[in-house]
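The structure appears below as structure tokens.
The values are calculated or read from the model by the stated rules, or taken from the named source; none is laboratory data. Keep in mind that what you see is a predicted model, and the values were worked out from it rather than measured. Every residue, glycine among them, receives a Cβ derived from its backbone with ideal geometry; neighbour counts consider all protein chains shown. Keep in mind that these areas ignore ligands, DNA and RNA; they rest on the heavy atoms of the full protein, side chains included. Shrake-Rupley method; radii C 1.70, N 1.55, O 1.52, S 1.80 Å.
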Amino acid sequence: MISLNNIFSESNANDSESNNFTRQVSNACYSFCEPVKPCSPLLLSYSKEVADKLNIDTSNGLSQQWQAILSGSKIAEGSKPFAMRYAGHQFGNWAGQLGDGRAINLGNIVHNGQSLELQLKGAGPTPYSRAGDGFAVLRSSIREYLCSEAMHHLGIPTTRALSLMTTGDWVMRDMFYDGHPEKEPGAIVCRVAPSFIRFGNFQIHAAYQELDILKQLADFTIENYFSHLLEQDINKDTYLAWFKEVCESTADMIVHWQRAGFVHGVMNTDNMSIHGLTIDYGPYGFLDDFDPDWTPNTTDAEGKRYRYANQPFVAHWNLVKLAEAIYPLIEDAEPLEKILNQFPEYYESQWQLMMANKLGLDKVIEQDLKLFADLEQLLSMVETDMTIFYRELAKYKGQLDSVSGLLEDAYYSDSLPDDYLKIRNQWFLAYSQRLQQNTISHDKKVSLMNRTNPKYLLRNFLSQTAIDKAHTGDYSEIDKLLEIMRNPYDEQPEYDNYYKKRPEWARHKAGCSMLSCSS
Ligand code: AMP
Ligand code: MG
């Protein structure tokens with residue numbers, strides 16, 4: 001029998017209104033509401049690894065019983081579905097109440113001592129749906145499903161995805177926000193994480209002066225997910241230790257993003273997990289050519305707040321907002337500021353270590369900082385594929401005349417300007433000299449680089465190919481990409497044709513280089 005528990009809803013303040021209609025909710029962390037029954041659900045794909053974590057038997061695939069639960073057709077034993085209430089800063093502006101507008105939490109499963117929460121995204125309206133319909137379309141669900149798993153296999157902290165289903169219902173979407181809505185297939189992703197608590201969950205209680213509830217939620221979060229910080233009763237120092245840990249796990253996550261060239265696209269405070277997990281895959285993307293100013297989100301095209309190079313700064317800004325939200329628990333700004341002020345230094349040190357790994361260096365020495373900065377400069381001088389560049393770099397053995405051959409496939413243009421080649425030569429000369437001081441063997445260096453620099457990435461154009469096929473009823477590319485992205489650091493020569501830069505047709509195609517929030 002499938003059975004879930006409800007630790008979040010049983011331990012936190014609930015909404016006294018039980019009818020499901022859009023509204024402003026007060027004095028509550030969540031509202032009970034049930035998924036809409038889909039007309040003809042179909043399982044497209046599931047993640048075996050996530051099923052294993054939940055102790056779900058998949059020896060004969062995902063059971064009918066599970067499929068019914070994951071499509072919202074049936075409520076599991078013990079489950080009391082609910083939507084969370086949270087607020088947030090969107091693009092730097094306070095947006096007030098947001099909440100789970102189309103995510104419905106089913107409850108938790110405990111297995112091997114770990115408690116994991118299951119959440120259906122796209123299962124229908126909730127009190128927090130505002131102007132939305134509560135549903136999700138197939139294209140965005142494929143992207144969330146695949147990227148959740150791809151990020152995990154890249155070693156990047158993330159919420160996971162158990163399943164991808166279509167509902168059989170149609171959803172209207174104006175994909176380009178140009179007054180041409182179209183019917184698209186509805187879909188549901190079951191997301192899995194220790195919890196889906198975001199910075200915004202704390203912000204809402206602080207904003208509306210619901211301080212008892214704020215404390216209850218913070219204590220719940222610490223007791224359940226940061227219990228190693230508990231010595232005696234929870235006091236101000238516990239909150240500070242917790243905040244410091246959130247700052248560090250957030251910084252660690254961003255370092256991973258920068259390593260792989262991941263750009264989230266919508267780093268609003270409601271999209272920041274308290275666990276330092278990547279959450280809410282919308283108009284995200286991986287850098288093809290290394291462009292620090294790139295943002296995949298069309299809504300962000302003007303201000304470029306969420307561009308690649310700005311992600312660490314936005315994370316810091318978001319942490320300031322979290323600090324403001326939990327301030328009433330501490331009532332002392334100084335220690336919070338102190339922790340916040342440590343963020344840039346902590347981030348920088350972790351970033352440097354990561355860069356050393358990317359270059360196969362044993363440690364960071366002072367001259368490396370120039371080497372890293374010059375490299376980023378070099379990569380952005382001409383359109384250079386970030387992934388191919390770093391992956392091929394592992395093959396470099398110190399011979400300057402081998403560079404052109406090694407990097408042949410990394411460029412988006414056929415001809416490279418002379419001044420660029422000159423600067424490239426200078427950089428490789430400096431890198432060669434640095435390698436001579438490296439204390440690790442060539443083989444160890446290669447293996448370090450190859451487990452830091454992925455060969456396979458879920459590039460937007462690859463997802464788009466799977467989406468285009470899925471819209472014709474062929475879902476095979478979804479599982480194929482899932483399979484390839486399971487081992488992104490392995491050579492997998494049978495999939496060599498997925499190790500390639502963005503083709504020209506994808507340069508300006510919707511869904512490939514730029515995406516809207518419409519999902
Ligand atoms: P996002 O940009 O996906 O992080 O969403 C921001 C807010 O809008 C969250 O409160 C979402 O739950 C809500 N939202 C996004 N899409 C929908 C939708 N189709 N229906 C209802 N709410 C939505
Ligand atoms: Mg969101």
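Shape class for the range 279-321, computed from the alpha carbon gyration tensor (a ≥ b ≥ c): prolate, with a/c not under 1.5 and a/b above b/c.
Give me, ordered by chain and number, the residues 5 or more places off Thr278 or on other chains with an amide H under 5 Å from its own placed amide H. Placed amide hydrogens put Thr158, Thr159 under 5 Å from Thr278. Using the Cβ of Leu214 as centre and a radius below 13 Å, the other residues enclosed give a net charge of -3, where K and R count +1 and D and E count -1. When only alpha carbons are used to place a centre, the range 73-142 and the range 149-194 end up 12 Å from one another.
Note on exposure: Arg173, Arg391, Arg507, Arg451 ranked by accessible area (1.4 Å probe, complete protein assembly) read Arg451, Arg507, Arg173, Arg391, with the most exposed listed first. Modelled this way, with points 7 Å down the Cα-to-C-beta line, the labels at Glu49 and His180 are 3.9 nm from one another. Heavy atoms only, probe 1.4 Å: what % of the accessible area of the chain goes to carbon and sulfur, would you let me know? Accessible surface attributable to carbon and sulfur in the chain totals 49 percent.
For the chain, relative contact order (Cα pairs under 8 Å, six or more residues apart, normalised by length) works out to 14 percent.
Could you order Leu375, Leu448 so the one with the most accessible surface comes first? Probe is 1.4 Å.
Working: Leu375 0, Leu448 25 Å².
Greatest to least solvent exposure: Leu448, Leu375.
For the pairs Lys80/Lys121; Lys444/Lys500; Lys244/Lys358, flag any whose C-alpha to C-alpha distance is greater than 18 Å.
Over 18 Å apart, Cα to Cα: Lys444/Lys500; Lys244/Lys358.
Note on Glu34: accessible area approximately 110 square angstrom, rounded to 10, probe 1.4 Å, nucleic acids and ligands left out. Residues whose amide H falls under 5 Å from that of Gly61, counting only those 5 or more places apart or on a different chain, are absent, with hydrogens built in the peptide plane.
Can you bin the range 1-58 into rounded, prolate or oblate? Criterion: square roots of the alpha carbon gyration tensor eigenvalues sorted a ≥ b ≥ c, rounded for a/c under 1.5, prolate for a/b above b/c, oblate for the rest. Oblate shape, in that a/c is at least 1.5 and b/c is the bigger or equal ratio.
Between helix 311-330 and the chain there is an angle of about 40 degrees, using the helix long axis and the longest principal axis of the Cα atoms.
Mean residue ellipticity, 222 nm, helices only, the chain: the sum of -39500 (n - 2.57) across DSSP H runs of n ≥ 4, divided by residue count and rounded to 500, is -12500 deg cm²/dmol. If you average the C-alpha positions of the range 331-403 and of the range 1-17 separately, how far apart do those two centres end up, in angstrom? Each part's Cα centre sits 44 Å from the other's. Loop-located GluC sites (Glu not before Pro) in the range 271-367 (DSSP state not H, G, I, E or B) with no more than 14 neighbouring Cβ atoms inside 10 Å: Glu302, Glu331, Glu366. In the chain, the longest principal axis of the Cα atoms and the axis of helix 476-485 are about 60 degrees apart. To the nearest 10, the accessible area of Ser40 is 60 Å² with a 1.4 Å probe. Residues Leu406, Leu379 ordered from highest to lowest accessible area at a 1.4 Å probe: Leu406, Leu379.
The separation of the range 435-486 from the range 214-277, counted between C-alpha centres, amounts to 28 Å. In loop segments of the range 427-519 as defined by DSSP, the GluC sites (Glu not before Pro) with at most 15 further C-beta atoms inside 10 Å of their C-beta are Glu491. Bridges between two residues of the chain, per DSSP, are antiparallel at a rate of about 90%.
When the surface is traced with a 1.4 Å probe over the full set of protein chains, Asp293 keeps roughly 80 Å² accessible. Averaging the sequence gap over all C-alpha pairs within less than 8 Å and six or more residues apart, then dividing by the number of residues, gives the range 394-482 a relative contact order of 27 percent.
Note down, for the chain, the three equivalent ellipsoid semi-axes (square root of 5 times each alpha carbon gyration tensor eigenvalue), biggest first, whole angstrom. All intermediate terms of the calculation are to be shown ahead of the outcome.
Details: eigenvalues 297, 161, 88 Å².
Rounded to whole Å, the semi-axes are 39, 28, 21.
With R₀ set to 56 Å, the beta-carbon distance separating Gln64 from Ser415 gives a calculated FRET efficiency near 0.45.
Given an 8 Å cut-off on Cα distances and at least 6 residues of separation, report the relative contact order of the range 351-418 as a percent. Worked out over the range 351-418, it gives 29 percent.
Give the shape of the range 241-370 as rounded, prolate or oblate, defined through the alpha-carbon gyration tensor: a ≥ b ≥ c are the square roots of its eigenvalues, a/c under 1.5 means rounded, and otherwise the shape is prolate if a/b is larger than b/c and oblate if not. Let's see the in-between values first.
Working: a/c = 2.16, a/b = 1.17, b/c = 1.84.
Oblate.
About the centre of its Cα atoms, the chain shows a dipole size close to 660 debye [charges on the beta carbon of Lys, Arg (+1) and Asp, Glu (-1) only; nearest 20 debye]. Solvent-accessible surface of the chain, taken per residue with a 1.4 Å probe and all protein chains present: 41 Å².
Less than 10 Å Cβ to Cβ from Leu98, Lys/Arg counted +1 and Asp/Glu -1: what total charge do the surrounding residues give? Write out the running numbers ahead of the final one.
Numbers: positive: Arg85, Arg130, Arg198; negative: Asp100, Asp270.
Surrounding charge for Leu98 is +1.
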